[in-house]
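See structure below.
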Amino acid sequence: MGSLEKVIDADACVGCGGCSVATGGAIPITLTPYGTYLPELDGVAPEVEEVGALACPFADTTPDEDELGAALYPQADSDPRIGRFTGLYVARIEDDETVVGSSSGGLTTWIVAQWLRDGVIDGVIHAGPGDDLLFMYVVSTTADELYGRRKSRYHAVEFSQAVSQIRGDGKKYAFVGVPCMVKSVRHICQGDEVLAGQIVRTVGLVCGHMKSAAYGESMAWQLGVSPTEVETVDFRVKNPGMLSRQYSFGALGPGGWKTAQTASLVGGNWGHAVFQLGACNYCDDIFAEGADVAVGDAWLPRFEGDWRGTNVIVTRRTDVDEMFAAGSTNGELWVESVSADAVAHTQAGNFRHRRQGLAVRLHDDDSAGRWRPRKRVEASVDGPDRRRIELIRRRRELSHVSHDLFLEAKRAGDLSRYLTRVRPYLDRLDRLGKPSLLSRVTLRLQREFWRSMAWLRERTRHVRHREIQGK
Ligand SMILES: Cc1cc2nc3c(=O)[nH]c(=O)nc-3n(C[C@H](O)[C@H](O)[C@H](O)COP(=O)(O)OP(=O)(O)OC[C@H]3O[C@@H](n4cnc5c(N)ncnc54)[C@H](O)[C@@H]3O)c2cc1C
Ligand code: SF4
Ligand code: SF4
């Protein structure tokens, strides 16, 4: 079996499009009925497949994140959880009206907009609204386009068309993507001098897992907007006065926008991992270790109290650290340096899924004699208790079956076929994952405390603002 065939056969292909770019389009990428992307290997010569594999984030023929980080950022400090780093921060843009249009603290857009303004790049390759699909990789060349295409797209996207479109146009670009996509772009650039000279900056989005297109469709349908009617969705609608994690989901259909709190919808609990891509079962890169800067949500009680959202950021270039210092001095940014522990704690659930969880999944694959990608985590069931192991296995099962259940419902034009059949899987996971009463109470008290502090800070800022205006 060829290297890519193994990846696809093991359901470890994330559908990034890297193998297509690396082979000049000889490996086409197709959209599956599940709303995921897959390369089409029929008729592809074995030697061409192996060229494609040199771009693949899950092929055993490519360097892992440790090797990538060491080659790209040899001078930077290193942490086994975070990868290489020159700076660790929590941050938010100061403009309250603008930050509402971003998923979190707005730093991703701020960073690429700074590079565009300073002439470091001519454009940004990132995910925006699509023509036939809800979302796709697009190229933005103005600040207006960048600001018009903000927010997280929890939706399968592939970059082969966008990257092929800019290849050889003589311009410089930043690439924005989840860790595996950044890794694939790094691999491509190693074998492609033209693209290496063009993709001069990378921004990684901290990643828990990627969803198929069914995620947005299933949530919209629950709001009464069917898959044939949905025009677009917003996965991160902010709710003033609430916790930042209590964001809403919005869907635009013939009757206008409809919204509901994400957690109130079936599948809205990120820990359920419905419609998760199979590749994410094999991922151990949380902080995009091959990216110049990684940006995520500061999921800590201290920052969740502020509904505007707060980014956690890992930098790997000192010029980005200098950009932050300048942004803080001129009042555009609120930035605070934090420890590696604090950065890792923002992704506590993510680490459980990608370290302990990955070890169990690898063990299960090895026991069943299935091929699986080489990982930095050892296969093992030592460590987690039996209940936790069961939770890891049941989550994998749910991710897998959710794709089929929704496709059947979609074909039948009947959402209830999905909702009723997925319910027992969700209930079982909830029972297994229920935290103790003590930890629930402690977390709630912490969140309430920090919400009050955020409210006080905002009041003080308004009073000061009024005083300055009154002078
Ligand atoms: C699939 C996925 C899973 C994630 N999981 C986590 C997680 O577990 N923990 C965590 O802390 N953060 C996670 N994030 C990151 C988080 O949702 C925010 O995107 C991040 O905090 C940046 O917020 P911001 O306000 O700085 O970005 P904004 O200013 O809103 O800008 C977002 C930028 O990212 C681009 N973008 C959005 N989605 C994609 C995509 N799929 N592919 C390429 N470009 C994209 C947009 O085009 C825009 O340029 C995830 C993001 C994605 C896409
Ligand atoms: S993960 Fe990307 S590079 Fe690997 S086979 Fe899938 S589409 Fe190709
Ligand atoms: S979890 Fe890993 S494999 Fe899945 S989309 Fe995120 S970075 Fe890629």
The chain: projected area of the alpha-carbon convex hull, averaged over directions, in nm²: 23.1
What is the distance in Å between the Cα centres of the stretch 312-387 and the stretch 413-464? 22
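From largest accessible area down, sort Met323, Met453, Met1, Met181; use a 1.4 Å probe on the protein chains. Numbers along the way, then the final one.
On the way: Met323 25, Met453 70, Met1 140, Met181 5 Å².
I get Met1, Met453, Met323, Met181, largest accessible area first.
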With N set to the residue count of the stretch 9-95, report its C-alpha Rg divided by 2.2 N^0.38 Å to two decimal places. 1.46
Where does the charge balance sit around Gly309 when Lys and Arg score +1, Asp and Glu -1, over other residues with C-beta under 12 Å from its C-beta? +3
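Please report, in debye to the nearest 20, how large the charge dipole of the stretch 13-83 is about its Cα centre when each Lys and Arg carries +1 at its beta carbon and each Asp and Glu carries -1 there. Numbers along the way, then the final one.
Working: 1 positive and 12 negative charges, 59 e Å.
The calculation lands at about 280 debye.
Per residue and in cubic angstrom, what volume does the convex hull of the Cα atoms of the stretch 186-319 have? Intermediate results must be reported in sequence, preceding the final value.
Values: hull volume 21.9 nm³, N = 134.
Considering the Cα atoms of the stretch 186-319, their hull volume per residue is 164 Å³.
What does the charge add up to near Ala342, with Lys and Arg as +1, Asp and Glu as -1, over the other residues with Cβ less than 12 Å from its Cβ?
Working: positive: Arg81, Arg302; negative: Asp79, Glu336, Asp341.
Residues near Ala342 contribute -1 overall.
Using a 1.4 angstrom probe, figure out how much accessible area the chain has per residue, in square angstrom, rounded to the nearest whole.
Values: 20700 Å² over 471 residues.
Per-residue value: 44 Å².
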Under 25 Å from the Cα of Lys211, which lysines turn up, not counting those fewer than eight places away in the same chain? Lys6, Lys151, Lys183, Lys238, Lys258, Lys375, Lys410, Lys434
Residues with amide H under 5 Å of Met136's amide H, sequence separation 5 or more or different chain, H placed in the peptide plane at 1.01 Å from N; which? Gly128, Gly130
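Sum up the charges of everything whose Cβ sits under 13 Å from the Cβ of Gly253, counting Lys and Arg as +1 and Asp and Glu as -1, but leave Gly253 out. Don't jump to the answer; show the numbers that get you there.
Details: positive: Lys258; negative: Glu217, Glu229, Glu231, Asp234.
Neighbour charge sum, excluding Gly253 itself: -3.
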Accessible area of the chain with a 1.4 Å probe: how many percent of it is carbon plus sulfur? 51
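The values are calculated or read from the model by the stated rules, or taken from the named source; none is laboratory data. Just so you know, these numbers come straight off a predicted model, no measurement behind them. No Cβ is skipped: glycine too gets one built from the backbone with ideal geometry, and neighbour counts run over all protein chains shown. Just the protein is used for accessible areas: all its heavy atoms, side chains included, with ligands, DNA and RNA removed. Shrake-Rupley method; radii C 1.70, N 1.55, O 1.52, S 1.80 Å.
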